[in-house]
Structure formats: C-alpha cells, structure tokens
Amino acid sequence: MCTQGRSFLSYRKNTLSTWALLVLLFAASAGSVFAFSFGPPEEKTGSPNEGTCADAGCHTGNDLNASGGSLMLTIPETYEPNQVYEIIVGLARDGQSRWGFEMTALDGNGASAGSFEAADVINTQLKDANSKQYIMHTAAGSAQGTNDENQWTLKWTAPDADIGPITFYAAGNAANGDFTPAGDYIYTTKAESTPPIPIIAGVSLEIVGDIALSTMNAVEGVDYTLKVTNTGNMMDTIMLEASAEVGIEGSVLGALSDRSIELEAGGDAEVTLKVAGDLFTEPGDYPLSITATSGTDDTMTAEVTTTTTIEMPPPPPPPPTPWDVNDDGIVNIQDLVLVASEFGQSGEALEADVNGDGTVNVLDLVLVSSHFGENTKAGQ
C-alpha cells in the first residue's frame, strides 16, 4: 500500500515536473511572440546609438525598411515653446494585420526634447530609459486584426525655450499577427521640427545715377531713379515718402511714381522721383529727402537726399533792329543804299522792307535815317 502510494506520488511528481518544463519551454519559445505586443523594449527607435527590433532579433526574415510599406509622422514643422501639438504616427503595409511603434524626440545633443503625453491611454504608453522618454503602443494599441494600415494619435509639448532643431525618431512593426517573429516588417523614419524663424524686417534705398540735377525750367523739373530693396527675410510692403521745400512765393515738390511697393525678401524695384516747381519758384538749390519705411516694422527706415538746382533762365534775345539792313552793327549809308536798291518793290521777305508793311518806300528810308549812326550791337 505504501509502495503503491509512493509510486503514485512519484508519478504525479514526475508528471508535474514534465508539465512545468513544458510550460517553461513554451514560455521561453513564446516570449518573443507575446512579450512585445504589450510594448517594445526601450531604445529601439533607430535614433543615433540605438538599434531597432529588426537587428535585435525579435523580428526577423525581412530587410529593414523593405519596399512596399511606410512609416509616416505628422509633426509640427516649427514649434513654439511650451505649445502642445498633436502628432500622428501612421504605419502601412498591405497584407499585415498587427501593428506596433516606438518614438522619441531628441535635440541636437541627443537629449530628450519636450515631453510626450499618451493622449490615447488605451493604445499608447510612456516609458523612460537612459534619461530619454519613449512613447509606444500598448497591447490594445497593436490593433490585432486591423488590415493593411494603422495609426496612433498622441500629444507632444514643446520645450519651454528655443533649443534649436528637434528630431523625432520612430520605428514601426507591420506584423502579420501569427504570433511568430517571422513575416514582420520593421520600418524607421525621422522628422525634424525647427523653432520659428524670427521675422527680420529691413529696407535700403539708393539713388541710381546722379544725386544732383539742375534745370532752368522749374515747372518741367527733373527725374531721379531710386532703387528700393527689401533686406528682410520675408515679404514686405515698403512705404515711400518725399519731403517738400516750400518757399514764400513758389514751391519745389517731389512726386513718386510709387508710394508703396510689395517686395519678396531680397527683392528690389526702381521708383522714379520727379522734382518740379511752379511758375513762382525762385532760382536756388532745393534738397529733398526721400524715406523708405518697412511695413512690417516701421522702425526700419532708409533715407536718401537729392539736390535740385533751379537755374536762372537766360536773358531774352535783344529786340530786332531791322534798320540795320545789312546787320553789320552800324546804321549808315550802306543801309540807305540797300533800301534804295529795292525801292518801290512789294512782297514778302524783302530785306529793305524795314517797317514790314510789304512795300519798300519812303517810309523805310525815313526809318533808316532816324537811326543813322546807331551801333545796333552795343550791349550784346
């Protein structure tokens, strides 16, 4: 009886040992099958100094980033300090039906940048390793049975200061859901978010050609060519204004062909400045200032000055002296002889028609005689 009891106990003990061994073997063989459905191990995003689940041996049989699949990140192109952004991780490959991902965000020195939030706690979770933060899928987030593609939504809060470009590194597993390491595809990607580029406004203004011109016709005036340049880093509308010199009786004004110009960053344009006076403008030098002002930042200005000289018009020509018939400067007997040579003739353009009545007669002789001996060139 005792022998039989010992045999029965030995049998049960051996049976239990066998089952325990089988369970251990099953656990050992199935560990790689079930363990990572609850989330991948940390530091498998493919970032610098990190590997992926492909080279860790937990998913084998296919090349990293094999054609036919994709891992995409929707991140902010630029970030503002302390702002919260929604990020979407999308993984796709036809024929696959289980999914996983892991992501981290690093600055230029490889340190964690900002902080993730598991906005969807059912499908995403957070872990830390070596002072880095990781966000990844949960067991539910592996979306068993979801065919061809899957995505996860999470939140990321930007750092509280501008720390330069931030790179998001992610790895994804497009699995076939057969609970073995074979037939799965690992994909990696990265995307960069940069701090906003500070807006820089600026403008330059120069005169093309002469900065000083002169004219004897104040009403007609003179034209200057100005070159306006947007020296900022964004499109800007440049405003132009010319000063005026107002006199007691007359004025000199500057008129611009354009009062505002829209320019791309680094773009330039030419503008005409007409400087003119009026009928009462007195001769003299008239400096005019032209100012260009940025429409983005009105403290950014540029200025040039032109000087226009209004000259005294030339004196009028002396009055005609038709009694100096031969125009030699002296009224003498030779002029009387010329009148006598055409005496009695009528018509146009007769040289001896001194009074211009169309006939050479005694009236012309009398007019020459009245100026006899006169120097007609005096004072010229």
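The values are calculated or read from the model by the stated rules, or taken from the named source; none is laboratory data. Please read these numbers as outputs of a predicted model, since none were measured by experiment. Heads up, the Cβs are rebuilt from the backbone with ideal geometry, glycines too, and the neighbour counts pull from every protein chain shown.
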So, ASP285, is that one assigned by TED's automatic domain parsing to the domain that holds ASP353 and surrounded by fewer than 14 Cβ atoms within 10 Å (Cβ to Cβ) or not? no
Report, by residue number, each residue of segment 230-264 that is surrounded by 14 or more Cβ atoms within 10 Å (Cβ to Cβ), modelled with pLDDT of 95 or more and within 13 Å of the chain's Cα centre (by Cα). ASN230, THR231, GLY232, ASP236, LEU263
Breaking point among (1) surrounded by fewer than 12 Cβ atoms within 10 Å (Cβ to Cβ); (2) modelled with pLDDT of 55 or more; (3) out of contact with any Asp or Glu (no Cβ under 7 Å at 6 or more places or on another chain), for SER7: (2)
Given the conditions (1) over 17 Å from MET103 (Cα atoms); (2) at pLDDT below 95, which single one is not true for VAL121? (1)
Test: residue in segment 305-317 that is in contact with a strand residue (DSSP E or B) (Cβ under 7 Å, 6 or more places away or on another chain) and surrounded by fewer than 14 Cβ atoms within 10 Å (Cβ to Cβ): yes
Condition met for ASP298 (free of Cβ contacts under 8 Å to residues at least 24 places away in the same chain, within 23 Å of MET239 (Cβ to Cβ) and in contact with a strand residue (DSSP E or B) (Cβ under 9 Å, 6 or more places away or on another chain)): yes
So which residues in segment 338-361 are aliphatic (A, V, I, L, M), crowded, with 16+ Cβ neighbours inside 10 Å and in a loop (DSSP other than H, G, I, E, B)? LEU350, ALA352, VAL354, VAL360
Testing LYS190 on (1) over 25 Å from the mean Cα position of the chain (by Cα); (2) assigned to a loop (DSSP other than H, G, I, E, B); (3) in contact (Cβ under 8 Å) with a residue 40 or more places away in the chain, one condition comes back false. Which one is that? (2)
Here, strands (runs of 3 or more DSSP E) confined to segment 50-154 with at least 2 residues that are among the aliphatic types (A, V, I, L, M) and assigned by TED's automatic domain parsing to the domain that holds ALA171 are 69-74, 84-93, 98-106, 124-129, 132-137
Of the residues in segment 216-229, those that are closer than 25 Å to GLY284 by Cα, surrounded by 18 or more Cβ atoms within 10 Å (Cβ to Cβ) and of a type outside the set (Gly, Ala, Ser) come to VAL222, TYR224, LEU226
Has segment 165-178 got any residue that is modelled with pLDDT under 95 and under 33 Å from the mean Cα position of the chain (by Cα)? no
TRP156 fails exactly one of (1) exposed (fewer than 15 other Cβ atoms within 10 Å of the Cβ); (2) modelled with pLDDT of 95 or more, namely (1)
Determine if segment 119-133 includes at least one residue that is surrounded by 23 or more Cβ atoms within 10 Å (Cβ to Cβ), in contact with a helix residue (DSSP H, G or I) (Cβ under 8 Å, 6 or more places away or on another chain) and either among the polar types (S, T, N, Q) or closer than 19 Å to GLU42 by Cα (or both). yes
How many residues of segment 155-182 are in a strand (DSSP E or B) and closer than 20 Å to ALA118 by Cα? The answer is 11
